[in-house]
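Participant: Once you've had a glance at the structure underneath, I'll fire off some questions.
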Amino acid sequence: MLASAAALAAQKPADGERLLLIRAVGGSASEKELAAQAGVYDSMVEYLTDRGYRVVDRAAAEKAAMQIAATHEIDPVLNKAASYGLTFLAEYSIHFKTSTIVKDPDKGIGALVKVSAKIIDNTGARIISAKQAEASSSGHSTEDAIEKAARNAGKKLTEQLSKGLEQHITQNGNEGRTVTMVFEGREAQTERLVSLLEKNKAVAAVKEVEAGGGKATLEIICKSRRDQLERELLRLASQQGIQLQKIRSEGNRSTWKIR
C-alpha cells in the first residue's frame, strides 16, 4: 500500500504549477490548420487540467500567440514564450505547432494531423522537453475528421510532454528548484542576506550571476517554493534590522529593494 501511494505521489505534478499553452501562428494559417490547432489545444487543456495543472485562459494564450507571431527578435519562440508565460504568472509555457493533411477526399474523408511542442521553463527561458506526435482519423466531413485527428494527436503529445514535465518537477523537488532573486541596494546588506541564506537548511547553494551598480542577481537552489523562501528571507532580514520591499515577482523570480 505504501509503495503504491509513493508511486502515485511521484506521478502527481507539484501543487499550483501554472501553464501557458501557445499555438504557433504562421503567416498563412489555413482553415484546416486553425481547426487542427483548436482541437489540439482543447485536448491538451483537458489532459492537463485532469491532472491538476492550472492552465492560463484561452484569451490570454491567444493574445500571446499573436504577439509572438508579430515579433522579429532572435529566437522569438523561446524568449517570447517565456516572457509571456511570466506575464501571466505561469511557471511553464508549452509552444506547439501543427501540420495537417486532408487524405483521399474522393474515396472518403480523412485527415492526418502532426503536432510538435516544446515545454519552456519560463524563469530560466530554457527548454525542458520537446516531443511530437501524430494521429489520423476519418469522419463524415473534413472538419469532423480534422477535429478527431487533432484531439487524438493532442492527447498523445500531452501524455509524452507531461512525463518530461513531471520528471522535471520531481527532480526539482529532490535536488532543489532554482529561484532567482534580484536585490537593489547597498552591497554590504546584500552580502549579509546571502550569508544568511547560505546557512538556511532549505538552501543548497547560492550563486551570484550578476553584480554592479547597486544591484545583484542571485540564483538560489532550494527545496522550498519561491513564496516559502521569500517568507524565510523576510524573517531573516527582520532579525538583522534590514528592511526589504518586494518590487515584483514572476514565475520563480522576484525583485527586492533594500531600504
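Participant: With the contact rule set at Cα under 8 Å and sequence spacing of 6 or more, what percent relative contact order holds for the chain?
Facilitator: On the way: 499 pairs, mean separation 43.7, N = 259.
Relative contact order for the chain comes out at 17 percent.
Participant: Right, something else. Could you look at the stretch 147-254 and say what percent of its accessible area is carbon and sulfur, using a 1.4 Å probe and all protein chains?
Facilitator: Numbers: 2430 of 5890 Å².
The value for the stretch 147-254 is 41 percent carbon and sulfur by accessible area.
Participant: Using Kirkwood radius over Cα pairs in Å as the read-out, say which of (1) 17.7; (2) 20.3; (3) 18.7 was calculated from these coordinates.
Facilitator: Evaluating Kirkwood radius over Cα pairs in Å on these atoms matches (2).
Participant: When the chain is fully extended, how far beyond the present Cα-Cα distance does Ala130 get from Lys223, taking 0.36 nm per residue of separation? Spell out each step's value before the answer.
Facilitator: Details: separation 93, 0.36 × 93 = 33.48 nm, distance 2.57 nm.
Once the chain is fully extended between Ala130 and Lys223, it gains 30.9 nm.
Participant: OK, next. Compute the FRET efficiency between Glu198 and Glu17 as 1/(1 + (r/R0)^6), taking r as their Cβ-Cβ distance and R0 = 25 Å, and round to the nearest 0.05. Can you show the working numbers first?
Facilitator: Working: r = 27 Å, r/R0 = 1.09.
Using R0 = 25 Å, I get an efficiency of 0.35.
Participant: For the chain, what is the accessible area per residue in Å² when the probe is 1.4 Å? Kindly include the intermediate steps, with their values, before the conclusion.
Facilitator: Numbers: 13740 Å² over 259 residues.
On a per-residue basis, 53 Å².
Participant: Oh, and also: Which percent, to the nearest 5, of DSSP beta bridges fully inside the chain are antiparallel?
Facilitator: Values: 46 of 58 bridges.
If we restrict to bridges inside the chain, about 80 percent are antiparallel.
Participant: Now a separate question. How high is the FRET efficiency between Asp144 and Leu78 when r is their beta carbon distance and R₀ equals 41 Å, given to the nearest 0.05?
Facilitator: Working: r = 35 Å, r/R0 = 0.85.
After rounding to 0.05, the efficiency reads 0.70.
Participant: Based solely on its DSSP helices, what 222 nm [θ] is calculated for the chain when runs of n ≥ 4 H residues each add -39,500 (n - 2.57) and the sum is averaged over all residues, nearest 500 deg cm²/dmol?
Facilitator: After summing the helix terms and dividing by residue count, I get -15000 deg cm²/dmol.
Participant: Moving to a separate point now. Which FRET efficiency value, to the nearest 0.05, do you get for Glu191 and Ile247 by plugging their Cβ-Cβ distance into 1/(1 + (r/R0)^6) with R0 = 25 Å?
Facilitator: Values: r = 20 Å, r/R0 = 0.80.
The calculated FRET efficiency here is 0.80.
Participant: Please work out whether the stretch 135-195 counts as rounded, prolate or oblate from its C-alpha gyration tensor, where a ≥ b ≥ c are the square roots of the eigenvalues and a/c under 1.5 means rounded, while otherwise a/b larger than b/c means prolate and anything else oblate? Please report the intermediate quantities before stating the final value.
Facilitator: Working: a/c = 12.03, a/b = 3.28, b/c = 3.67.
Since a/c reaches 1.5 but b/c is at least a/b, the shape of the stretch 135-195 is classed as oblate.
Participant: Give the residue list of trypsin sites (Lys or Arg not before Pro) in the stretch 89-156 that are DSSP loop and have at most 16 other beta-carbon atoms within 10 angstrom. Please report the intermediate quantities before stating the final value.
Facilitator: On the way: sites: Lys97, Lys103, Lys107, Lys114, Lys118, Arg126, Lys131, Lys148, Arg151, Lys155, Lys156; in loops: Lys107.
Listed in order of number, the matching sites are Lys107.
Participant: Taking each pair of distinct Cα atoms in the stretch 117-259 once, what is the resulting Kirkwood hydrodynamic radius in Å? Don't jump to the answer; show the numbers that get you there.
Facilitator: Working: mean 1/r = 0.0563 Å⁻¹.
So the Kirkwood estimate lands at 17.7 Å.
Participant: Is the C-alpha gyration tensor of the stretch 195-253 telling us rounded, prolate or oblate? Criteria: a/c under 1.5 is rounded; beyond that, a/b larger than b/c is prolate, otherwise oblate.
Facilitator: On the way: a/c = 1.23, a/b = 1.07, b/c = 1.15.
Verdict is rounded for the stretch 195-253.
Participant: Taking Lys63 as the anchor, which lysines have their alpha carbon closer than 29 Å to its alpha carbon, excluding any fewer than eight residues away along the same chain?
Facilitator: The reachable lysines, counting only those whose Cα sits under 29 Å from Lys63, are Lys32, Lys80, Lys97, Lys114, Lys118, Lys131, Lys148, Lys155, Lys156, Lys163, Lys246.
The values are calculated or read from the model by the stated rules, or taken from the named source; none is laboratory data. Values in this document were obtained by computation on a predicted structure and should not be read as measured data. Cβ: placed from backbone, ideal geometry, glycine included. Neighbour counts: every protein chain shown. What goes into the accessible areas is simple: the full protein's heavy atoms, side chains included, and nothing from ligands, DNA or RNA. Shrake-Rupley method; radii C 1.70, N 1.55, O 1.52, S 1.80 Å.
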